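*Asks:* Once you've had a glance at the structure underneath, I'll fire off some questions.
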Amino acid sequence: MRTLPALAIALACCLLAAPAAQAQPWTFDLAIYGYFPRAGGTTNFPPDSGGGGGSDTVTIDGDPLLKHLEFAFMAQAAAHKGDWGVFADYIRVDFGHSASGSRAINIGGVLPVGATADIDYHLKGNLFTLAGSWKVPTSPAFTMDLLFGARMLDIDTHLGFALSGNIGSIPVQERSGNRDASQTNWDAIVGVRGRVPLGASGRWFAPYYFDVGAGESRLTWQAMAGVGYAFGWGDVVGAWRYIDYDMKSGHPLESLNFNGPSIAAVFRW
């Protein structure tokens, strides 16, 4: 699947070249978002990763831990010439959390009853989507673009832990440590993107986005919906976005999701 980035770029170039004979001008839009997600999922830290010692896999349930967002950035850009175009989307997220007395961890698949852990867990990630687009014939107010391209997920995680309580059955070398794990995935995606008018004024609208894909992941999908208001220079949009990954076996990440609200300024020219 390492050829997916090149395929996506080549596809976009072909799509943009197809209508070159037409006299239609280029149009562009750029959206800058404030994104406030929570994250969840399961990460397996392999034995001895990061030099922390131990021969068992350490598994973390991120759902109770990845609530503390340290940084997030999201931007989208699109260009159209006639019915054809190209679409790009980028997200950067950093999460970190320290917890005491947590049971969101197991060592080699188990955590004895009465055992807990002090945990320091960090996750940093980049998601980049590049797709060609084709505008479905609709009314001027209602728009729909079909998307076909690729998405890259790049994740780095760090775990520090120390067990306490009923830990007599756990070997000494497994009771504390530091682990690191990272993963990069490329997946082919198809989807739709557009807006639905709300009311007769034409100012209010509902933006929407959905895609689904697979490749180095077993399945990935994302959905976004919200409400926006159009000005002369562009739009202001508030939306909710959910991104989900179900990974193939043998990788550090079993699953991962991002879920939360966003607000954006969309510039058009």
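The values are calculated or read from the model by the stated rules, or taken from the named source; none is laboratory data. Computed from a predicted structure; not experimentally measured. Every residue, glycine as well, gets a Cβ built from its backbone with ideal geometry; the counts of neighbours run over all protein chains shown.
*Asks:* Taking the stretch 197-211, which residues are of a type in the set (A, V, I, L, M) and loosely packed, with under 15 Cβ neighbours inside 10 Å? Write out each step before concluding.
*Replies:* Our first condition is that a residue be of a type in the set (A, V, I, L, M); within the stretch 197-211, this holds for 198, 200, 206.
Passing the criteria: only Ala200.
*Asks:* Just one of the numbered conditions (1) assigned to a helix (DSSP H, G or I); (2) closer than 26 Å to Ala88 by Cα is not true of Gln173; which one?
*Replies:* Going through (1) assigned to a helix (DSSP H, G or I); (2) closer than 26 Å to Ala88 by Cα one by one, Gln173 breaks only (2).
*Asks:* So, one more: Got a number for residues in the stretch 67-111 being surrounded by fewer than 18 Cβ atoms within 10 Å (Cβ to Cβ), touching a helix residue (DSSP H, G or I) at 6+ places or on another chain (Cβ under 9 Å) and either modelled with pLDDT under 95 or farther than 30 Å from Ala264 by Cβ (or both)?
*Replies:* 1
*Asks:* If a residue has to be more than 30 Å from Gly40 (Cβ to Cβ) and in contact (Cβ under 8 Å) with a residue 60 or more places away in the chain to count, how many in the stretch 134-177 make the cut?
*Replies:* The number of residues fulfilling the criteria is 2.
*Asks:* Sticking with this structure for a sec: Return the residues of the stretch 192-239 that are small (Gly, Ala, Ser), free of Cβ contacts under 8 Å to residues at least 60 places away in the same chain and part of a loop (DSSP other than H, G, I, E, B); say none if nothing qualifies.
*Replies:* Residues of the stretch 192-239 that are small (Gly, Ala, Ser), as a first pass: 194, 199-202, 206, 213-215, 217, 223, 225-226, 228, 230, 232, 234, 238-239.
After this cut, where a residue has to be free of Cβ contacts under 8 Å to residues at least 60 places away in the same chain as well, the list is 194, 199-201, 206, 214, 223, 225-226, 228, 230, 232, 238-239.
Listed by number, the residues that qualify are Gly199, Ala200, Ser201, Gly232.
*Asks:* Whether any residue in the stretch 144-152 is surrounded by fewer than 20 Cβ atoms within 10 Å (Cβ to Cβ), under 30 Å from Ile119 (Cα atoms), among the aliphatic types (A, V, I, L, M) and out of contact with any His (no Cβ under 6 Å at 6 or more places or on another chain) is what I want to check.
*Replies:* yes
*Asks:* Being of a type in the set (Asp, Glu), over 24 Å from Trp84 (Cβ atoms) and either at pLDDT below 95 or buried (at least 21 other Cβ atoms within 10 Å of the Cβ) (or both) narrows it down to one residue among Glu216, Glu174; which is it?
*Replies:* Numbers: Glu216 fails: either at pLDDT below 95 or buried (at least 21 other Cβ atoms within 10 Å of the Cβ) (or both).
From the options Glu216, Glu174, the qualifying one is Glu174.
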